[in-house]
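Enquirer: Here you go, one structure.
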């Protein structure tokens, strides 16, 4: 089968959730013998190592469209001037990229088009109904933006609320442009503002168990760990909540408790957390497994955002006991008290962390059960096979 795949980011290195999902899906589909032609947008130069990782998967061609600053600015201005178009869509839309999509549809003649994220749907809007296509919502951007608006400073709320409203309308409208639709979890599917949302297929992420393996002999250099793309608002919010409100409560009963915040592009608010007692901010790490291996407990205190937290899958795969919030666990579907601890609010989260820091037997039991859970539940081959079945269905 000939597949044209449209991505808003080049899918390597694996430092963001959409890139990780796209890379492992591409790897599986290429391994099944499908001829993939990939068009990826990028607002930065793509390195030699990244090209070497992805090019072998793209037997049908690899195209990178560089989104320059001027093009992004024009896209935002067009979105502002176009009633109902979200800024998220405008930022990633470039007429030059549209011409390339149109050209590939004619020259490559794909059997199916796979479009990742609502921000790329605009490129297939002119071809709706004529080209078999699948949209991967992955996350529900409108819900994430609405949650962000609810906690943002007063001066930001009107803009964020307007963007949330536009995104919700756009997510519903884009449903009709595609034959099939996928999303990462049932919790996210329930948030899609469309009367036929039950038609959206759930395609969860997986975990590379051969890569994220326990390292029991690694020295423990920090008590607590939180990681992710630290320029992404939900992660920024969680990191600040953890360092400013949760960690001090832990330190009252567990003096000297330390926290490592690891991940690419830390925002200024995250960088400033390193001035707090016991907090270290590493920024990008060449191998994130070193952060997991050096931690005693992993914590993901998510208060906003949507989707499945890959960081939890990775931590559990590496045999770390985990603490998270109901928001994150509703997508993960772990059993509280069996696979991980789930709590809400700073006092309850601090109490859960203290339980794991002071009870080695509990921590070991949860760590073992957590790895078994992700190994049995989150498999890239099984989940991407669901996607493959949709791509084969052109009716």
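Enquirer: Expressed in nm to one decimal, what extension gain is obtained for the pair residue 162 and residue 107 from 0.36 nm per residue of sequence separation less their Cα-Cα distance?
Expert: This chain segment gains 15.9 nm when fully extended.
Enquirer: Can you tell me how much longer the chain between residue 125 and residue 267 gets when fully stretched, taken as 0.36 nm per residue apart minus their C-alpha distance, in nm with one decimal?
Expert: Additional length available on full extension: 47.7 nm.
Enquirer: Next up: Estimate the FRET efficiency between residue 82 and residue 275 by the formula 1/(1 + (r/R0)^6), using the beta-carbon distance for r and 51 Å for R0, to the nearest 0.05.
Expert: Values: r = 43 Å, r/R0 = 0.84.
Using R0 = 51 Å, I get an efficiency of 0.75.
Enquirer: Let me ask something else about it. Okay, which of the range 334-350 sit inside 16 Å, backbone N to the point 7 Å along the Cα-Cβ direction of residue 362?
Expert: Those under the cut-off are 336-344, 347-350.
Enquirer: Could you check the spin-label model distance between residue 198 and residue 220? Points 7 Å from the Cα along Cα→Cβ, value in nm.
Expert: 4.8 nm
Enquirer: Summing -39500 (n - 2.57) over the DSSP H runs of n ≥ 4 in the chain and dividing by its residue number, what mean residue ellipticity at 222 nm do you reach, to the nearest 500 deg cm²/dmol?
Expert: Value at 222 nm, helices only: -13000 deg cm²/dmol.
Enquirer: Can you give me the distance in nm between label points at residue 376 and residue 69, each placed 7 Å from the Cα along the Cα-to-Cβ direction?
Expert: 5.3 nm
Enquirer: Less than 18 Å from a label point 7 Å out along the Cα-to-Cβ axis of residue 59: which backbone N atoms in the range 97-119 qualify, by residue?
Expert: 108-114
Enquirer: Taking neighbour Cβ counts within 10 Å as the exposure measure, how do 284, 155 sort from fewest upward? Provide the component values of the computation, followed by the final result.
Expert: Details: 284 14, 155 7.
Ascending Cβ contact count within 10 Å gives the list 155, 284.
Enquirer: Right, another one. I need to check one value: relative contact order of the chain, counting alpha carbon pairs closer than 8 Å and at least 6 residues apart, in percent.
Expert: 15 percent
Enquirer: Right, something else. Arranged from highest to lowest average of other beta-carbon atoms within 10 Å per residue, in what order do the peptides 86-95, 144-153, 287-296 appear? Display every interim value, and only then the final one.
Expert: Numbers: 86-95: 21.5, 144-153: 17.7, 287-296: 19.4.
Result, highest mean Cβ count within 10 Å first: 86-95, 287-296, 144-153.
Enquirer: Also, I was wondering about something else. Report the Cα centroid-to-centroid distance between the range 90-143 and the range 285-345 in angstrom, as an integer.
Expert: 32 Å
Enquirer: Kirkwood Rh over alpha-carbon pairs of the range 222-377, then Stokes-Einstein at 37 °C and 0.692 mPa s: what D in µm² s⁻¹, rounded to an integer? Present the calculation step by step, with values, prior to reporting the outcome.
Expert: Values: Rh = 15.0 Å.
The diffusion coefficient I find is 218 µm²/s.
Enquirer: Still on this structure, I have one more. Report the far tail of the P(r) of the chain, meaning the percent of Cα-Cα pairs longer than 31 Å.
Expert: Percentage above 31 Å: 37.
Enquirer: So if I take the alpha carbon set of the range 146-286, get Rg, then get Rh from the Kirkwood formula, what is the Rg over Rh ratio?
Expert: We get a ratio of 1.07 for the range 146-286.
Enquirer: A further question on this structure: What full-extension length gain, to one decimal in nm, is calculated for residue 284 and residue 100 as 0.36 nm per residue of separation minus the Cα-Cα distance?
Expert: 62.9 nm
Enquirer: Consider a paramagnetic label point 7 Å from the Cα of residue 253 along Cα→Cβ; state which residues of the range 350-365 have an amide N under 15 Å from it.
Expert: Residues 350-360, 362-363 fall inside that zone.
Enquirer: Continuing with the same structure: So for the pair residue 245, residue 211, with labels modelled 7 Å out along Cα→Cβ, what separation do we get in nm?
Expert: Result for the modelled spin labels: 3.3 nm.
Bear in mind these aren't lab numbers, they're just calculated from the coordinates by the rules spelled out. Note that the structure is a prediction, hence the values are computed from the model and not measured. Quick reminder, even Gly has a Cβ in these numbers, built from the backbone with ideal geometry, and neighbours come from all protein chains shown.
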